[in-house]
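Shown next, in structure tokens, is the structure this report addresses.
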Amino acid sequence: MGKRLSGKIAIVTGGASGLGAAISRRFAAEGARLVIADLDRSRAESLAAELGADGSEVAACPVDVSEGPSYEAMVSFATARYGIPNIIVNNAGVPQRYHVAHEVDEASYDRLYDVNVKSLYWCAVHAIPAMIENGGGAIVNTCSVSATRPRPMNTWYAGSKAAAVVTTKALALEYARQNIRVCGVNPGPVDTPLLADALSGFGGANEQAIARGKMAEGIPLGRIAQPEEIANVVLFLASDEASFVTGVVVEVDGGRAI
Ligand code: NAD
């Protein structure tokens, strides 16, 4: 059986860490020609070098997905290197440190929406026109279970991810006739640096461990996910196996959204 992404050109934003790194690993293993795009250039370069060591076609590209010219440069880089992208995973995101809503400063609020939501606008502006000309493509957006099951102390993050969910569905409708599928995933808590960063708002190591424990207790499967468990679903949605799937945002949350 052929590899599941053979012949595909893919970009994974935030592709150097956590969920994005797991997605990058799966995509490279499944034969995609891959651009790992990340704010952290050196981490993206070292992962690209690691994944390319077996001859896989993997390149790194620095990007700040919240900025239009930067998003555009990322798409141009991928196009010049491999061709028009068939797959874009808008995965880069930032957390809200766990604070009550009125204690989150304006700059943090703006950053949440610029990275978690405005990046989807830049994707539409800078990637979708070429995808249309190319006959279609697949976009997968990393949203969050917070969009449908918000917790206290995470209000603005939840709002940004809810916007990402609705945007995913609206874009799916908008571009279905151009053969562009737009899907998403709603992960529950996943063991990544972002989760550690978010939990740091709870205080010291003890408080953080208690918060982690409560989080796991609230998940029917009784644990926090590993990044690979989300990457498996993203791979399916991005691949031709999901050719009749669009506008869905799959809960990958151990049952938390039930
Ligand atoms: P992470 O912090 O491990 O990785 C995020 C990556 O995105 C980093 O490499 C970072 O450099 C990059 N990044 C951040 N801002 C960027 C920007 N403006 N432009 C380009 N790259 C940028 O985080 P993660 O846990 O892997 O999160 C990935 C996605 O999953 C995010 O959208 C996050 O909101 C979402 N998510 C995470 C969890 C969780 O529990 N970890 C749960 C639900 C959803």
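Points worth noting:
- Scanning the stretch 42-58 for residues being within 15 Å of Ile9 (Cα to Cα) and surrounded by fewer than 20 Cβ atoms within 10 Å (Cβ to Cβ) gives a total of 3.
- Checked against (1) within 13 Å of the ligand (Cβ to nearest atom); (2) without any contact (Cβ under 8 Å) to a residue 12 or more places away in the chain; (3) within 19 Å of Tyr121 (Cβ to Cβ); (4) among the polar types (S, T, N, Q), Ser66 passes all but condition (2).
- Filtered by the rule that a residue be away from the ligand (no atom under 11 Å from the Cβ), touching a residue at least 24 places away in the same chain (Cβ under 8 Å) and within 23 Å of Glu103 (Cα to Cα), the stretch 202-236 gives Phe202, Ala211.
- Selection within the stretch 24-63 - assigned to a strand (DSSP E or B) and within 9 Å of the ligand (Cβ to nearest atom): Ala37, Asp38, Pro62
- Inspection of the stretch 117-127 identifies no residue that is modelled with pLDDT under 95, within 12 Å of the ligand (Cβ to nearest atom) and charged (D, E, K, R).
- Hits in the stretch 177-201 (condition: in contact (Cβ under 8 Å) with a residue 40 or more places away in the chain, outside any loop (DSSP other than H, G, I, E, B) and either surrounded by fewer than 17 Cβ atoms within 10 Å (Cβ to Cβ) or not hydrophobic (A, V, I, L, M, F, W, C) (or both)): Gln178, Arg181, Gly184, Asn186, Pro187, Pro193, Asp197, Ser200, Gly201
- Candidates Ser76, Ser119: the one that is farther than 20 Å from Glu174 by Cα and of a type in the set (Ser, Thr, Tyr) is Ser76.
- Conditions (1) closer than 14 Å to Tyr113 by Cα; (2) in contact with a Phe, Trp or Tyr (Cβ under 8 Å, 6 or more places away or on another chain): number failed by Ala162: (2)
- The stretch 69-106 - residue that is aromatic (Phe, Trp, Tyr) and assigned to a helix (DSSP H, G or I) and, of those, nearest to Ala196 (Cα to Cα): Tyr71
- Test: residue in the stretch 151-170 that is part of a helix (DSSP H, G or I), within 11 Å of the ligand (Cβ to nearest atom), charged (D, E, K, R) and closer than 21 Å to Asp253 by Cβ: yes
- Counting the residues of the stretch 241-258 that are in contact (Cβ under 8 Å) with a residue 60 or more places away in the chain and either of a type in the set (Asp, Glu) or surrounded by fewer than 17 Cβ atoms within 10 Å (Cβ to Cβ) (or both) gives 8.
- Filter result for Asn86 (in contact with a helix residue (DSSP H, G or I) (Cβ under 8 Å, 6 or more places away or on another chain), within 17 Å of Asn141 (Cα to Cα), away from the ligand (no atom under 16 Å from the Cβ) and not acidic (Asp, Glu)): yes
- Test: Ala92 is of a type in the set (A, V, I, L, M, F, W, C), in contact (Cβ under 8 Å) with a residue 60 or more places away in the chain, within 13 Å of the ligand (Cβ to nearest atom) and within 24 Å of Gly31 (Cα to Cα): yes
The values are calculated or read from the model by the stated rules, or taken from the named source; none is laboratory data. Predicted model only: the values in this text are computed from it and were never measured. Here Cβ is always computed from backbone atoms with ideal geometry, including for glycine, and neighbour counts include all displayed protein chains.
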